[in-house]
1. Can you tell me which condition Ser22 does not meet? The list is (1) closer than 21 Å to Glu193 by Cβ; (2) assigned to a helix (DSSP H, G or I); (3) among the polar types (S, T, N, Q), and all the others hold.
2. Within the range 153-179, can you find the residues that are closer than 18 Å to Thr66 by Cβ, surrounded by 15 or more Cβ atoms within 10 Å (Cβ to Cβ) and of a type in the set (A, V, I, L, M, F, W, C)?
3. Search the range 185-203 for residues that are part of a loop (DSSP other than H, G, I, E, B) and pair each with any residue that is among the hydroxyl-bearing types (Ser, Thr, Tyr) when their beta-carbon atoms are under 8 Å apart and the residues are at least 6 apart or on different chains.
4. Taking the stated definitions as given, is Arg96 part of a helix (DSSP H, G or I) and in contact (Cβ under 8 Å) with a residue 40 or more places away in the chain?
5. Which one of these does Gln118 not meet: (1) modelled with pLDDT of 95 or more; (2) surrounded by fewer than 18 Cβ atoms within 10 Å (Cβ to Cβ)?
6. Can you find a residue in the range 74-92 that is farther than 21 Å from Pro142 by Cβ and buried (at least 18 other Cβ atoms within 10 Å of the Cβ)?
7. State whether one or more residues within the range 6-20 are within 30 Å of Glu171 (Cα to Cα) and surrounded by 18 or more Cβ atoms within 10 Å (Cβ to Cβ).
8. Go through (1) closer than 23 Å to Thr13 by Cα; (2) part of a helix (DSSP H, G or I); (3) free of Cβ contacts under 8 Å to residues at least 12 places away in the same chain; (4) more than 10 Å from the ligand (Cβ to nearest atom) for Leu102 and report which single condition fails.
Amino acid sequence: MKTKIAENIPGYTYGQSGVAKSPINTDELKLLKQSVGMTEEDERYLRVAGEVLSDRTEELVGRWRTVIAAHPHLARYSKRLDGQADPHYSQNSGLRFQQWILDTCLRPYDQDWLNYQQEIALRHTSVKKNKTDGVESIGYIPLRYVVTFTAVINDAHILKPLLAAKGHSAEEVDRMHQAWCKSVQLQIALWAEPYTDTKIAPNEW
Ligand code: HEM
């Protein structure tokens, strides 16, 4: 099964030394997993979801981006400062977005995973947005849009048809979807950290 969406993903630095350090360790992560109700069964269903989605990541990111594109107040964060599209930015960040789907489902949630969560969070804030791709775009994505967009990322109408496409039962599809939603909610809790630390990304709510 495919675990990388492409051999070369520009700016994808998972596990590398330049990645931000998470403020928490894997013991603290255990408590977050408990808080979101993530069980070993959920972890198994995430793996199944990863197998099912591994060749559909482009389509899934496309569906989410259709929602962003439909709303100018969201679409502007991927554009240049003059409001024009930036194909290089969309292409590169889109590949990383696709890889994130597989990482969510297939990576072990270890310290490297935690660290890359912090990196993704920072790439939505003024600390790192635009820097990876060397683009000139709006400086940060407000936390409130990241939190609200979680409902779109977890939307059953978007996810379930894809999760069902390889013949799993409705029950299994439901389990995959639930496991996915828990993981995303947990990740958003992690991503809130730099936004709430006044020394990192203050006033970016
Ligand atoms: C639950 C909500 C969201 C999820 C799961 C998500 C996921 C991601 C991921 C995985 C990346 C690539 C990280 C990497 O570099 O490896 C990314 C980057 C990006 N996202 Fe989000 N995102 C969310 C919300 C939003 C919202 C609301 C917007 C804009 C309205 C947005 C715009 C962007 C942009 C512009 C980038 C590129 C950032 C850069 O490196 O300059 N995201 N997102």
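The values are calculated or read from the model by the stated rules, or taken from the named source; none is laboratory data. Keep in mind the model is a prediction, meaning the values are calculated, not measured. For neighbour counting, all protein chains shown are included, and Cβ atoms are generated from backbone atoms with ideal geometry for every residue, glycine included.
1. Of everything listed in (1) closer than 21 Å to Glu193 by Cβ; (2) assigned to a helix (DSSP H, G or I); (3) among the polar types (S, T, N, Q), Ser22 misses just condition (2).
2. Let us first name the residues in the range 153-179 that are closer than 18 Å to Thr66 by Cβ, namely 153-162.
Still in the running and surrounded by 15 or more Cβ atoms within 10 Å (Cβ to Cβ): 153-155, 158-160, 162.
Matches in the range 153-179: Ile153, Ile158, Leu159, Leu162.
3. Ile200/Thr125; Ala201/Thr125; Ala201/Ser126; Ala201/Tyr140; Ala201/Tyr195
4. Criteria met by Arg96.
5. (2)
6. Within the range 74-92, one or more residues are farther than 21 Å from Pro142 by Cβ and buried (at least 18 other Cβ atoms within 10 Å of the Cβ).
7. Within the range 6-20, none of the residues are within 30 Å of Glu171 (Cα to Cα) and surrounded by 18 or more Cβ atoms within 10 Å (Cβ to Cβ).
8. (3)
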